[in-house]
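A.B. asks: Have a look at this one.
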Amino acid sequence: MTPSGRSVRQLFSLAVGVIFWSFLGTPWNGAESVALTGVINSQNETHMEGVLVSAKKVGGTVTVTVVTDSKGRYAFPSSRLQPGKYSLKVRAVGYDLEDPGEIELVADQRKEANLQLRGTRDLSAQLTSAEWLMSAPGTMEQKQAASCMLMCHSLAVVMGSKYNASDLLTIMNRMRNYAEASINEPGDLVKPVPLPYRVESPPTDTKLAAYLSSVNLSARADGKWGYELKMLPRLKGDSTRVVITEYDLPRRGFEPHDVAVDAEGMVWTPDFGGSYLGRLNPRTGEFKEWRVPVLKPGSPGYGLDIQFDNDGNPWFSMMEQGGVARFDKKKEGFSTWKVPPEYDNERVHIGMVAIAPDGKVWFKDSRNQKVHRLDPATNRIDSYTLPNEFYGMRVDSHGNLFLASIARGVIGRIDAETGEITVYPTPTPDSGSRRGDMDLQDQYWFGEDRVGKIGMFDTRSTQFKEWNLPPTSWAWGSSYDVAVDKNGDAWSGGQLTDYVYRLNPHTGQVTPYLMPTLEANMRRISVDKSAKSAAIWVGENHHGKIARLEALQ
């Protein structure tokens, strides 16, 4: 165990944070005064429903987004926007905003700003990865293989390239030998870090490179795509009753792959692109970073997953560093534990953590198919061999570990007393069960990422249930993670559509919400249990942002 209590970075302000948080937990019910409102029209449509309107104070770092209703009207409550000058932007696929210029808001005065949209000049710049997969020809097998690119960047990067199959094969081989930090845009502050070992490209890469070169700009001499670009329809109804607040992180290269809210409402995230732990204080807007200790010099030092122990201290995995870390919130210092020496090889990759009610900590080595259980009180570590590759994991009320296997579509169980491992296939074969949440009834909820479903495994009866995500006409709903709120609703989201989904398990109704930032690359869903309303937090991994989505019904 290696303690470290030294904070190496300064406090960063995310600008006037407190003024955005006076309303925390009090959803707008329409009775509150309005600071900014207007109607959105275009030459093709009037009173456009489902258009996202975002307001950002000039020079600020916080963006607030609302959505137009059935009459095409948007409205920002006064508590969400303080006096000052704001810039506006919209998200409505197929359209661009006629720039209204800066909008100045004055205290206690309602501002009316009707907005006009025009047909976009570049539809390709607005498509999600899901829409690229919808548009491009190819088999489902080919498109599933293409979606693996989303770990590092959006599919738009590939589709807009002119690389041929040979070029792409070279690039893919290079990518396989870097650690998994996501790099989406030129000029990002994250530098690719080589893995400490060599990864050979599988034979399937040749097929994938051939497919990608057939659907990108190298396929035709005229430099155009040989297929129609398709769009998902704008959302309507309950999907428009939402407020989304996005926080720009002060360091652009910080990757909030996993965010989690503690019992005090503080938002924590390890850096998926560096050796840092970050904390956002929603009440003040401050963001603070601590440098994470290095266990294996020369190996990438990224963080993944985050859980809280019985004292409220965050734990997270250290990936190629081969260990897990605990941060003491009072002392502001780290304690770390490595895998046992016999398992500490160059391929060690600690991907997930799960904390049992008795305080014992499970952490998993994905590449070596091992899972370890640490007793922090004694430093004893017990190790178990997994029958296949697993990804997400959670514990039930008895400390038994449940794991989801994106590689196969099964749920695994490790008995806390005997160590016995049992595997349960999901009802939908090859579902890509990925990450999830354990509710108070010991029901394990998980995303079925390959088939666009939310799954639930009742750990007591060993029975499954599944729910389809919209759109139902194709399989790219994308369910990376699932979290259950205090009302029993299950929340999910993914990397393909920029949608957050809210499932009512009793009625089967799924309400999708669209995030404001294109290719946000959401991973972990975290329910805000400190809020009175239905609210979740997500990291926008490709853009250095943390977002809070609050449903208003």
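A.B. asks: Taking only the stretch 435-452 into account, find how many residues are of a type in the set (K, R) and surrounded by fewer than 24 Cβ atoms within 10 Å (Cβ to Cβ).
C.D. replies: The qualifying residues number 1.
A.B. asks: Out of the residues in the stretch 286-316 meeting the condition of being among the aliphatic types (A, V, I, L, M) and within 21 Å of the chain's Cα centre (by Cα), tell me which one is farthest from V259 (Cα to Cα).
C.D. replies: Across the stretch 286-316, the extreme among qualifying residues is L304.
A.B. asks: Residues that are in contact with a Pro (Cβ under 9 Å, 6 or more places away or on another chain), aliphatic (A, V, I, L, M) and within 25 Å of S479 (Cα to Cα): does the stretch 382-403 have at least one?
C.D. replies: So far as the stretch 382-403 goes, yes, one or more of its residues are in contact with a Pro (Cβ under 9 Å, 6 or more places away or on another chain), aliphatic (A, V, I, L, M) and within 25 Å of S479 (Cα to Cα).
A.B. asks: When the residues of the stretch 511-553 are filtered to those that are more than 12 Å from the chain's Cα centre (by Cα) and basic (K, R), which remaining residue is surrounded by the fewest Cβ atoms within 10 Å (Cβ to Cβ)?
C.D. replies: K532
A.B. asks: Name the residues in the stretch 258-277 that are crowded, with 21+ Cβ neighbours inside 10 Å and closer than 20 Å to A535 by Cβ, would you?
C.D. replies: D258, V259, A260, V261, V267, W268, T269
A.B. asks: Let me ask you something else. For residues in the stretch 282-299 being among the basic types (K, R) and in a loop (DSSP other than H, G, I, E, B), which is surrounded by the most Cβ atoms within 10 Å (Cβ to Cβ)?
C.D. replies: Only one residue fits best here, namely K296.
A.B. asks: Has the stretch 370-389 got any residue that is closer than 17 Å to N310 by Cβ and either at pLDDT below 95 or touching a Leu at 6+ places or on another chain (Cβ under 9 Å) (or both)?
C.D. replies: Yes: the stretch 370-389 contains one or more residues that are closer than 17 Å to N310 by Cβ and either at pLDDT below 95 or touching a Leu at 6+ places or on another chain (Cβ under 9 Å) (or both).
A.B. asks: Does any residue in the stretch 440-466 that is modelled with pLDDT of 95 or more come within less than 6 Å, Cβ to Cβ, of a residue that is loosely packed, with under 13 Cβ neighbours inside 10 Å and among the charged types (D, E, K, R) six or more places away or on a different chain, and which pairs are these?
C.D. replies: Qualifying pairs under 6 Å: D442/R460.
A.B. asks: Here's something else I'd like to know. So which residues in the stretch 409-429 are modelled with pLDDT under 95 and either in contact with a Leu (Cβ under 9 Å, 6 or more places away or on another chain) or surrounded by fewer than 16 Cβ atoms within 10 Å (Cβ to Cβ) (or both), if there are any at all?
C.D. replies: P429
A.B. asks: Going through R110, R80, R118 one at a time, which residue ends up being crowded, with 16+ Cβ neighbours inside 10 Å, of a type in the set (K, R) and either in contact (Cβ under 8 Å) with a residue 40 or more places away in the chain or more than 30 Å from T46 (Cβ to Cβ) (or both)? Step through it out loud before you land on a result.
C.D. replies: Values: R110 fails: crowded, with 16+ Cβ neighbours inside 10 Å; R118 fails: crowded, with 16+ Cβ neighbours inside 10 Å.
Only one candidate passes the filter, namely R80.
A.B. asks: Could you tell me whether any residue of the stretch 331-350 is within 26 Å of the chain's Cα centre (by Cα) and over 28 Å from P293 (Cα atoms)?
C.D. replies: No, the conditions are met nowhere in the stretch 331-350.
A.B. asks: Moving on to the next point. Name the single residue that is nearest to T206 (Cα to Cα) among those in the stretch 132-173 being of a type in the set (S, T, Y), touching a Leu at 6+ places or on another chain (Cβ under 9 Å) and part of a helix (DSSP H, G or I).
C.D. replies: Looking only at the stretch 132-173, we keep the residues that are of a type in the set (S, T, Y), and these are 135, 139, 147, 154, 161, 163, 166, 170.
When the remaining residues are screened for being touching a Leu at 6+ places or on another chain (Cβ under 9 Å), the result is 135, 147, 154, 161, 163.
So of that shortlist, the ones also part of a helix (DSSP H, G or I) come out as 135, 147.
Numbers: S135: 22, S147: 15 Å.
Among residues in the stretch 132-173 that are of a type in the set (S, T, Y), touching a Leu at 6+ places or on another chain (Cβ under 9 Å) and part of a helix (DSSP H, G or I), the one nearest to T206 (Cα to Cα) is S147.
A.B. asks: Identify all residues within the stretch 60-80 that are aliphatic (A, V, I, L, M) and more than 17 Å from R548 (Cα to Cα); write none if there are none.
C.D. replies: Once the filter is applied, which keeps residues that are aliphatic (A, V, I, L, M) and more than 17 Å from R548 (Cα to Cα), the stretch 60-80 yields only A75.
The values are calculated or read from the model by the stated rules, or taken from the named source; none is laboratory data. No experiment lies behind these values; they were computed from the predicted model shown. Using ideal geometry, Cβ is built from the backbone for each residue, glycine included, and neighbour counts are taken over all protein chains shown.
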